[in-house]
Each structure stands twice: as C-alpha cells, then as structure tokens.
Amino acid sequence: MSQKVEKDRTGTIIREEDSSEKMTVEVNEVKTTGDFDAPVYIYYNWCKKCGICVAFCPTKCLARKADGSPYVKYPEKCIHCETCDRLCPDFAITGAKDKKGGAYGPK
Amino acid sequence: MGKVSQRVVHDFLRHDKKFPHVWCSGCSNGTILGTIIRAIAEQNLDRNNITMVSGIGCSSRMPVYIDLNTLHSLHGRAIAFATGIKTFKPDMKVIVVTGDGDSTAIGGNHLIHAARRNIDMTVIVVNNNIYGMTGGQYSPTTPDDAKATTSPYGNFDRQFDICDLVIGAGATYVARSSAFHTMELQKMIVDAMNHKGFSIIDVISACPVIYGRMNKKGGPPEMMQAMRDNTVLNTATAKLPPEKLEGKTIRGVFKNVQCPEYCEQYAKVVEKIKETSDE
C-alpha cells in the first residue's frame, strides 16, 4: 500500500491510498482540536456533491468548496453526532467515534 | 441502539461493483440502503441467513450493492420470488426492497395477497412518488397536481395510501417513516425483521432529479427538509390542533399484531397429512 500525503492551504491532510482492494479512496482527514481527537473522513471519489451533509450538520462545522463538495471548515466544532454519516446517500463521509474515542475511518 | 458507523456499512458493500453507485446526486436510496445495513449490522445476524429480493426500479438496485444473498428479479414480482424463497427455507430472513410503482402498480396483486396470507417477510417500499428509472411517469402514489412526464398538466389520479391498503389486506406490521428519520427507520426495520408475519414499511424518499425538478421542490437538502417539516409522528397527532395537521403525512407504526403465519400453517398441514398417511 503506497500513500501520498499532502497538505492543502487550510491545513487539512489529503491522503491518497492505493490499496490492493478495488476501493480506492481519497481521504480528507481533519484532526479536531476540541475535546475529541478524532478525524472526519470524506471519500471524495464517492461524493456526488448533493450538499445534504452541509445542510444538516447541527454545528455547521462543514462547508462547501467551490465545486460543491464538503470540507471540514471548523474542526473544533464537530461533536461526532453521526448526522452526516447517516444521511449521506453515497456512504462518502464519516465522523462517528468508536468506543475508544477514535474515529471510524477507512481500514 | 448500537452505534454502527460508515465503516460497518462499507463492510457490507460489494466492492467489486462500480462505485460511486448509479443513483443520482441526493437520491434517498443510498440513505435507505445505509439504514438497512445498519439495522442488519445492529442485530449481529449471520449474513447467510438473510436474503434480499428486489424487482425492477431505482430502489431495486439495492441488492446489487449489498453483500448478502440477493436476488434481482422481474418487474413487480419481487414478493412472488420472496414467497418462493420463504416457503422453501422458512428459517431464512427475507427482505424485499421495492419501489412504489413496482409494488403497488405492477406487483399490486402480489402485495395484497402476500399481506392476506401473512407470510413472514419484511417489505421496504421506497416511495418516491414517481417511476424514476423509466423516465418519470406518474405512479399510483403521485400526489394530486404533481407533474410527471405522462402528466405534464398535473396528475388527477387518486393515490394509494400504501399503509391503508396493506392494513385492509391483512398485513400484521405496518409502519411509515422517511429517509430523513434514519434512527426511527432503523428501529422500525429491526422490529419488522423480528416480527413473525408480513411486515411492511412505507419509506418516504426523495427523487430530486426527476420528481423534484419537475415539481420545483428544490435540491436534495430542500427535499430532505420537506420530509422533516411535512411529516408528523402518529403518537403526536392527538396533541396537535387540526390546522397544524393539514397537508402533513403521518409517520409511525400503524399496526402491530400477531396472527397465524403462512409457513407455520403450511408445516402444520404437512405434519397432519404425514400422521394420517402413517395409519
């Protein structure tokens, strides 16, 4: 598995994964600076830019890029409520926490 | 309710299929598929004991993406195929995913007769008020004055209320929810899967690209918001004044009773014949 790690202007880490599996994901991993140390993963390859996650985020921590896809604008506001995770029709975002307090991300 | 995250959903998907999936941007089918997967994952069931059956339609493409025993059958005949599976393997948990046109128009007879027989299966009707896959013809659940490809001046056919229809036909678990209320829907799917008898959930869903665009309902977030604002839970209706209930769709569990189940009755008849033939 090869990994390409880049940082864009907003400080978010864009990581491209090349796995032997057919599921390749480009991941936007954002470390939250609040009480939680858990990232929000966005699979840009699967996202269809419908805007549902941004519209229903209760703390408004997500925002839309110029092309309509979401990014985590205010990482410290994320409360890991799972709303984006549940409402996303494309299985393309996850912000939920597991029992240890870390995020559920791609394997 | 156990927390089930997107990683678990990804475990249930077939990654040899082409992703992103075929559904349009903002279509509720993906949300409903995710909720079905969460409901199955929450129960820790053996995947070999679950079969998902579907007919033809946008929503009927769900079995292509989920890694269970799946069957993608003929238009409207999903419940007929599911009846065959259930009678041959009574221990199998059978989930049928159909659309509103698939189940009430083309497969209308299969729906009411499966409800009448009270055969143990879970039917999830993804009700988007239109035939999405074939280009937007009006369906038996298209509302009054709604525009469709075949009703460009507004639809004047009266609608089916799927819940009332199957209650009349004798279904034993009848509920309605929406794609927005995922927690409620997940609980209903778990209850319906554990219910012995014919259980049906009418899921209000959004078709933003065809129905939404033709009827100027706005984008995907606006249609999701309409699901939240235009529905009321049936336990709350008694407390609300009648003017607040105008134009609202009632969600909730409408019927939950126990009746003799078809496969059990069938097994009893087989036992009885065996006993009499031994003498």
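What the table shows:
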quantity: Of the trypsin sites (Lys or Arg not before Pro) in the stretch B:191-276, those whose Cβ has at most 10 other Cβ within 10 Å and which sit in DSSP loop; calculated: B:LYS216
quantity: Reduced Cα scattering model of the stretch B:6-278, Debye log10 I(q)/I(0), q = 0.07, 0.14 Å⁻¹; calculated: -0.25, -0.97
quantity: Residues with amide H under 5 Å from that of B:THR231, placed H, sequence gap 5 or more; calculated: B:THR249
quantity: Solvent exposure, largest accessible area first (probe 1.4 Å, DNA, RNA and ligands not counted), of B:SER25, B:SER151; calculated: B:SER25, B:SER151
quantity: Inter-centroid distance (Cα atoms) of the stretch B:30-80 relative to the stretch B:214-279, Å; calculated: 18 Å
quantity: Solvent-accessible ranking of B:ILE36, B:ILE56, largest area first, probe 1.4 Å; calculated: B:ILE56, B:ILE36
quantity: Global form of the stretch B:164-221, assessed from the alpha-carbon gyration tensor, a/c cut-off 1.5; calculated: oblate
quantity: Interface area, A with B, accessible, probe 1.4 Å, both sides summed, Å² nearest 100; calculated: 2700 Å²
quantity: Solvent accessible area, Å² - B:ASP120, 1.4 Å probe, full protein context; calculated: 20 Å²
quantity: Given chain B, longest segment not containing exposed loop chymotrypsin sites (Phe, Trp or Tyr not before Pro) (DSSP; at most 14 other Cβ within 10 Å); calculated: B:1-152
quantity: Of all DSSP beta bridges in chain B, antiparallel share, percent nearest 5; calculated: 20 percent
quantity: Between the stretch B:92-122 and the stretch B:127-169, the alpha-carbon center distance in angstrom; calculated: 18 Å
quantity: Cα shape, the stretch B:30-136, gyration tensor, a/c 1.5 rule; calculated: oblate
quantity: Solvent-accessible area, 1.4 Å probe, carbon plus sulfur percent, for the stretch B:45-178; calculated: 53 percent
quantity: Percentage relative contact order, chain B, counting C-alpha pairs under 8 Å, at least six apart; calculated: 17 percent
quantity: Unsatisfied cross-links (Cα-Cα over 28 Å) in the set A:LYS65/B:LYS18; A:LYS49/A:LYS77; A:LYS73/B:LYS17; A:LYS49/B:LYS239; B:LYS217/B:LYS255; calculated: A:LYS73/B:LYS17; A:LYS49/B:LYS239; B:LYS217/B:LYS255
quantity: Calculated FRET efficiency for the pair B:THR87/B:ARG14, C-beta based, R₀ 22 Å, to 0.05; calculated: 0.20
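The values are calculated or read from the model by the stated rules, or taken from the named source; none is laboratory data. What you are looking at is a predicted structure, and each value in this text was computed from that prediction instead of being measured. Ideal geometry is used to build each Cβ from the backbone, glycine not excepted, and the neighbour counts take in all protein chains shown. For accessibility, only protein heavy atoms count, side chains too; no ligands or nucleic acids. Shrake-Rupley method; radii C 1.70, N 1.55, O 1.52, S 1.80 Å.
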